[in-house]
1. For Cα Rg over 2.2 N^0.38 Å, the choices are (i) 1.30; (ii) 1.13; (iii) 0.99; which was calculated from the structure?
2. Mind pulling the angle between the C-alpha long axis of helix 2-38 and the longest principal axis of the chain? Nearest 10 degrees, somewhere in 0 to 90.
3. Using the alpha-carbon centroid of each, what span in Å lies between region 23-97 and region 121-167?
4. Which order do the peptides 119-127, 91-99 take when ranked by the mean count of other beta-carbon atoms within 10 Å per residue, highest first?
5. Give, rounded to the nearest 20 debye, the magnitude of the charge dipole that the chain has about its Cα centre when Lys and Arg contribute +1 at Cβ and Asp and Glu contribute -1 at Cβ.
6. Using a 1.4 angstrom probe with every protein chain in place, what is the largest-first accessible-area order of 84, 129?
7. Using a Gaussian network model of the chain whose springs link C-alpha atoms within less than 10 Å, name the residue from 32, 104, 87 with the highest mean-square fluctuation.
8. With 32 Å as the limit, write out which pairs from 92/118; 64/126; 41/113; 64/92 have Cα-Cα distances beyond it, or answer none.
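The values are calculated or read from the model by the stated rules, or taken from the named source; none is laboratory data. Because the structure is predicted, anything quoted here is derived from the model rather than measured. Methodologically, a virtual Cβ is constructed for each residue, glycine included, from the backbone with ideal geometry; neighbour enumeration extends over all protein chains shown. Note: accessible area is taken over every heavy atom of the protein model, side chains too, but ligands, DNA and RNA are not part of it. Shrake-Rupley method; radii C 1.70, N 1.55, O 1.52, S 1.80 Å.
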Amino acid sequence: MYVGSLTMWVCLAGVGRADDQRSRLNDEAERLFRVVLAEQKDLGPCELAPTWDTYPVPEYVGRKYLGLKLHASLSAPDNGAEAFQILEPPVKGSLCRADEAEELESQRLAAFKVGTEKSLVSTSRKYTFPVFSADYRTAVFVVTGQRSGWYRKSDGGLAKLAVEAAGSAVVYRKVGGSWRHVTTILLWIT
């Protein structure tokens with residue numbers, strides 16, 4: 001009986017620690033992204049994706065900025081929270097669910113087709129959940145962005161613009177209790 005109770009207590013204590021860790025991850029991610037998104041003055045309607053990206057932090061970035069001895073890329077932890085629960089953009093309407101973003105894009109394209117504007121450009125941005133150093137003083141995440149759209153040809157017809165995309169690893173560090181941008185490392189561009 002005693003051994004069974006002890007085993008149950010140890011299991012529950014482990015669950016409590018995991019919940020505390022997940023709560024700390026989410027709290028720090030919220031604080032970090034409050035700063036990150038406040039620096040994004042040019043967020044457009046539905047520009048932010050409501051789901052986390054899965055692009056890994058490259059091993060050389062994890063080694064250099066997180067002080068880890070890695071021999072592989074680093075995936076973000078499973079925090080149990082959707083991007084919608086963590087990201088609080090200062091620009092109202094810049095974070096939408098996928099169906100809302102598709103509907104907005106359809107409306108914008110329909111208006112462009114009957115309008116006189118020369119071009120219609122759409123941008124989207126997606127973040128990975130951050131990877132933190134053991135002391136929660138450094139954070140690294142990957143942001144991917146895409147730009148696409150349409151332009152009006154000289155004969156009045158429409159043509160689709162080539163899709164442009166890029167991905168970057170972004171490093172932040174806590175200074176005096178506040179998150180500060182350290183560097184952005186371009187990973188790829190098309």
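1. The value computed from this structure is option (i).
2. Rounded to the nearest ten degrees, it is 30.
3. When both Cα centres are located, 14 Å separates them.
4. In descending order of packing, they fall as 119-127, 91-99.
5. Charge dipole of the chain: 640 debye, to the nearest 20.
6. Sorted descending by solvent-accessible area, the residues read 84, 129.
7. 104
8. 64/92
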